[in-house]
Amino acid sequence: MSKIRRILMFIPGNSPAMINNAPIIDADTIVFDLEDSVALEDKADARFLVKETLLHFEVPGKDVAVRINGISTDFWMEDLRAIVPCRPAFIQLPKTERGEDLLKVIDLIEKIEKKEGIPVGTVQVCPIIETALGIENAFQIAMTKTERLAALALGAEDLIADISGIRSNESLEIMYARQRLVNAARAAGISPSDTAFINVDDDEWLVKDCKLSRSLGFDGRAIISPRQVKLARSMYLPSKKEIDYAKAVIDAIHDAKRRGRGAITLNGKMVDEPIVKRARAVLQSIEESERMVQDE
Amino acid sequence: MQVKAFVSGTLESGDVIITLKTSDHVSVTIQSAVQSLYGDLIRKTVDDTLAENKVRNVEVFVNDNGARDFVIRARLLAALEKKRRGDSE
């Protein structure tokens, strides 16, 4: 299972002022963006700025990743040649539509790793699925070099345009895509990461959308405004009620083992293997979160 | 004949605009609100970056708005790359 990332904070790759703020943003992953937030004429400037940032600017306690330009552009190979030697935790590949897209990118990353003396596999990849074709191929993509994948991410805005949908707060237009992506990621054993919530001043709908996202199985999501971070992060952590229940389940299991009992009940409900598995996952995610806070 | 200029950076806070022009020698001109405090450090970053890249034929104009070392370096490297490709503004 790939590492759980709750908040992937996107920072425009050509903005020194925003880059300077990266260390104080309470995200587990900072993603410097070379794609949509960078104007065409600024691509080279952003590439050099992100490269020098990775080499000379510390972002303690957080993983650092880079979203490169997609493989249909003239920029992605130059992006990789500049960025991979700096050893980011992973590369985000926008508009991934097929396993072959991913293979092309991983092939070049591997060549650069070998040339630079970096252990092969150091730089992971997170495909972003944001087209109708990508959604239909989500499982094939997730099963392509799975050991290299940091997560499988959804990008809703391009997807909605691609399927001629209409954006709404309720997000019914991306329900199928969300469920298909979560299922593909879980089946492949990697972490699903949800799309950004772009109404940056609407906390009420941010909370609703995060609740929905988490209930569908996403581990976390992309964030595009620092003011969304605290709220969104709290929504992807288990609630006190969930933690208490998970502890009670594990205690009940230990107690049953001591007494030599097989089947057990808790609060009048049968506790079976899937419930124990979920309880362990809840407690594990809390431990990971606490470890991250200590690292910071 | 007009000398081509190669530019990188913005006027935003924390950024710097680097403008390069081809010359027969190296010269560096710095304009910064914090010149009295950091002028020498800015100059050193520019000199070191030019030396590392074996550049001996540019006029460098630095219009600084409080950029950190790595930003100045990135903008200078981007301008040098544009000069190498002949991508002028």
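Throughout, read-outs are computed from the coordinates displayed, never taken from laboratory work. Every value quoted in this text rests on a predicted model; they were computed, and no experiment measured them. Cβ placement follows ideal geometry from the backbone for every residue including glycine, while neighbour counts extend to all protein chains displayed.
Data for the structure
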item: Segment A:34-53, subset surrounded by fewer than 19 Cβ atoms within 10 Å (Cβ to Cβ) and in a helix (DSSP H, G or I), residue nearest to the other protein chains (Cβ to nearest Cβ); result: A:41
item: Residue, nearest to the chain's Cα centre (by Cα), within segment A:58-76, restricted to residues that are surrounded by fewer than 19 Cβ atoms within 10 Å (Cβ to Cβ) and within 14 Å of chain B (Cβ to nearest Cβ); result: A:58
